[in-house]
C-alpha cells in the first residue's frame, strides 16, 4: 500500500530504467552519444547513463537539467529567454546550488502531477531536447 | 529591557510571523502560491513558508532576495539595471555567497532603520514584488 | 485529484504549519527557544521558525537535521554511534552536501511512508529531540 | 581503432551497464535495495541506478566511493583504519572534493590496470562490500 502511494507520487526505479532506455535508444537513432539522467519528484537521481563518445562535462549538466526541471516545474528550454541580460530572471542560474537554463531538461508527468524529470546533454541543444522529449513520454508510449 | 533594545534593532520572531502571515494572505489574494522568507537585521532567517503549488527553486531564491536586501540596504528590484552587461555592478550576484538581483526582496524599516527584510519568490517578478511590498509594511498597518 | 496524490505522498503546507506550531509550543513549554524546520518528502523546506533567543547557528543545523532524516530515513540521533571514530559510518557527515549526526532530526510518517521531516536545534540535544518528537507526531494527535 | 585503445584503458558504457546489472541483481539476491555507481578510469560517472527503497543519502555516497577507489587505487574499505584519529591519513576524507573511507568502493581492473570502479551504498557496510565486489568482477565472470 505504501508502495502504491509512492508509485503514484514519484517514478519507480523500473520506470526510470525504461525512461533511460528510451532516451539511449533515441540518442543512438540520431547518432549523437548522450549523458542521460532521470530524477524523482524531489530531484534525486534514480538512473544515469553516459554513452561512449559523450563529453564528460555533460555528466553534471544532464543532472542539473533534470533537477532544474523539477525545481522550476518547466522544461529548461523555457528558461533561456528569461535569463538573458535585461530579462526578468537574469541571474537565475546562480541560485539553488546551480541551475541550467538551456534546453534538455524535461519534467515527466502522470495525471497532471510531476513525478520526475529527465535531463539530456552532450549534443546540440536541439538534439538534447529531441532525446529528452522522447524519454519524457516513455511511460505513456510503452506497451508494457 | 534587553528585549526592547532588540526590538528597536531587529525584528522579533512574533513580528516576523506577522509579516509572513500578511505575505501569505496577499499571495492567496492574488492567486499565486509563494515562497516567503523573513530575515533579521543581520540577514539571518527568522520565518519561512512555502505554499502548496509554489515552485521549489524559490525556496533558495526567496531567502537570497531577503538577504540581498539586507546586504545592499535596497529592494532587489533596484539592482537589476546595475548588474546588466556594461553596467556598474555587472557580476554583483556572484559575491557574498550569491545574491539575487531581480525584484521580490524588500527591506523592512522602523523609524528609518532597517530591522529586517522579506523575500518573495515563485510568481512573476511583478507578483513577487507585490507580495513582498505588502509584507514589508505589515507592522505599520497591523492594528495589534 | 493531483492534489490528493500530492497530499498522500508528502506534507502539505498547512500540515507543515501545524507541525511547526506544535514544535514552537513545545519549545515554549520547556523554556528553550528553538529553530524549527519542516521539510517535505524530498527534503525541501516547507516551514521554518526561529524563536527569540535561539542561537543563529541552528538556522542551518535545524534544516540539515531535517534533510538528514529524509536522506537517511532515520532520526538523526540514531546516527551518532555510527559516525564515531572506529565505527562503521565514520565520516558520513561529510557526504551529500553536509549531514548532521546528532539528535533533533525526525522523520514524519503517514501509513508507514515518510512524508517529511522536522529538524530542531538550539537547545541541548535532549531538548532538541524532545521538541522534534513532539512536532513529528503533531498530525496524529491533532484534533483538526 | 581508437575504440579498442579506449576499451583497453577504461570501461565502455556497455561494460558499465553489465557491471551495474550484476550489482543490481546481487542487491536483489541479498534483499537490500542499493544505490550503485560505475565510474571510468578517470573517476567520471558512466552508469548509476537507485533501487526502490534505497536511502537517498547513498546517491552521493555511492558515487564518492567509486571516485575514491579511483583516486586512491584501493578499495575504500582499506582506508578506514588509515583515517582514524591518530592514524596516518586522518582527515583524508576532506581532500579532493570529499572522499569516502568506508567500504563499498572497489576498483575494476583488466590485465592489472584499473579501468574503472564501482561504488555501492544503502545497506550495512558488509552488504555494500558484498554487492560492490560482485559487480567489480562482472566482466571477468560474464560469458558474453
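The values are calculated or read from the model by the stated rules, or taken from the named source; none is laboratory data. Quick caveat: nothing in here was measured; it's all calculated off a predicted structure. Using ideal geometry, Cβ is built from the backbone for each residue, glycine included, and neighbour counts are taken over all protein chains shown.
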So, first residue more than 7 Å from every other protein chain (Cβ to nearest Cβ) and modelled with pLDDT of 95 or more in region A:34-50, second residue in a strand (DSSP E or B) and surrounded by fewer than 24 Cβ atoms within 10 Å (Cβ to Cβ), Cβ within less than 8 Å, six or more apart or across chains; the pairs are A:40/A:115
All-but-one check, residue D:23 against (1) touching a helix residue (DSSP H, G or I) at 6+ places or on another chain (Cβ under 8 Å); (2) in a helix (DSSP H, G or I); (3) within 28 Å of residue C:85 (Cβ to Cβ), failing number (3)
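Just checking, how many residues over region B:89-98 are at positive phi and more than 9 Å from chain A (Cβ to nearest Cβ)? Let's see the steps before the verdict.
Let us first name the residues in region B:89-98 that are at positive phi, namely B:91, B:96-98.
From what's left, more than 9 Å from chain A (Cβ to nearest Cβ): B:91, B:96-97.
Number satisfying all stated conditions: 3.
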Within region C:26-39, residues over 20 Å from residue C:107 (Cβ atoms) and in a helix (DSSP H, G or I) come out as C:28, C:29, C:30
Among residues of region C:7-20 being crowded, with 21+ Cβ neighbours inside 10 Å and in contact with a helix residue (DSSP H, G or I) (Cβ under 8 Å, 6 or more places away or on another chain), the residue farthest from the other protein chains (Cβ to nearest Cβ) is C:19
All conditions in (1) surrounded by fewer than 24 Cβ atoms within 10 Å (Cβ to Cβ); (2) at negative phi; (3) more than 14 Å from chain A (Cβ to nearest Cβ) are true of residue C:86 except (2)
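Is at least one residue of region D:110-118 closer than 20 Å to residue A:38 by Cβ and either within 10 Å of the chain's Cα centre (by Cα) or at the interface with chain C (Cβ under 9 Å from one of its Cβ atoms) (or both)? Can you show your working first?
Looking only at region D:110-118, we keep the residues that are closer than 20 Å to residue A:38 by Cβ, and these are D:118.
Restricting the remaining residues to those that are either within 10 Å of the chain's Cα centre (by Cα) or at the interface with chain C (Cβ under 9 Å from one of its Cβ atoms) (or both) gives D:118.
Yes; the residues of region D:110-118 include at least one that is closer than 20 Å to residue A:38 by Cβ and either within 10 Å of the chain's Cα centre (by Cα) or at the interface with chain C (Cβ under 9 Å from one of its Cβ atoms) (or both).
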In region A:86-131, anything in a helix (DSSP H, G or I) and more than 15 Å from residue A:18 (Cβ to Cβ) is listed as A:92, A:93, A:94, A:125, A:126, A:127, A:128, A:129, A:130
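Go over the candidates A:42, A:53 one by one and state the one that is part of a loop (DSSP other than H, G, I, E, B) and surrounded by fewer than 17 Cβ atoms within 10 Å (Cβ to Cβ).
Details: A:42 fails: surrounded by fewer than 17 Cβ atoms within 10 Å (Cβ to Cβ).
Within the list A:42, A:53, the selection yields A:53.
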| Taking the condition in contact with a strand residue (DSSP E or B) (Cβ under 7 Å, 6 or more places away or on another chain), within 14 Å of chain A (Cβ to nearest Cβ) and more than 25 Å from residue D:127 (Cβ to Cβ), does residue C:106 pass? | no
Residue B:60 fails exactly one of (1) in contact with a helix residue (DSSP H, G or I) (Cβ under 7 Å, 6 or more places away or on another chain); (2) closer than 23 Å to residue A:42 by Cα; (3) free of Cβ contacts under 8 Å to residues at least 12 places away in the same chain, namely (1)
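With in a helix (DSSP H, G or I) and without any contact (Cβ under 8 Å) to a residue 40 or more places away in the chain as the only criterion, which of D:82, D:139 stands out? Explain how you work it out, then say what you get.
Details: D:139 fails: without any contact (Cβ under 8 Å) to a residue 40 or more places away in the chain.
That would be D:82, the only listed residue that is in a helix (DSSP H, G or I) and without any contact (Cβ under 8 Å) to a residue 40 or more places away in the chain.
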Of the residues in region C:55-102, those that are in contact with a strand residue (DSSP E or B) (Cβ under 6 Å, 6 or more places away or on another chain) and under 30 Å from residue D:87 (Cα atoms) come to C:61, C:65, C:68, C:76
Within region C:63-79, residues more than 8 Å from chain D (Cβ to nearest Cβ), in a helix (DSSP H, G or I) and in contact with a helix residue (DSSP H, G or I) (Cβ under 7 Å, 6 or more places away or on another chain) come out as C:65, C:69, C:76, C:77, C:79
Subset of region B:1-14, residues in contact with a strand residue (DSSP E or B) (Cβ under 8 Å, 6 or more places away or on another chain) and either at pLDDT 95 or above or closer than 21 Å to residue B:128 by Cα (or both), comes to B:11, B:13
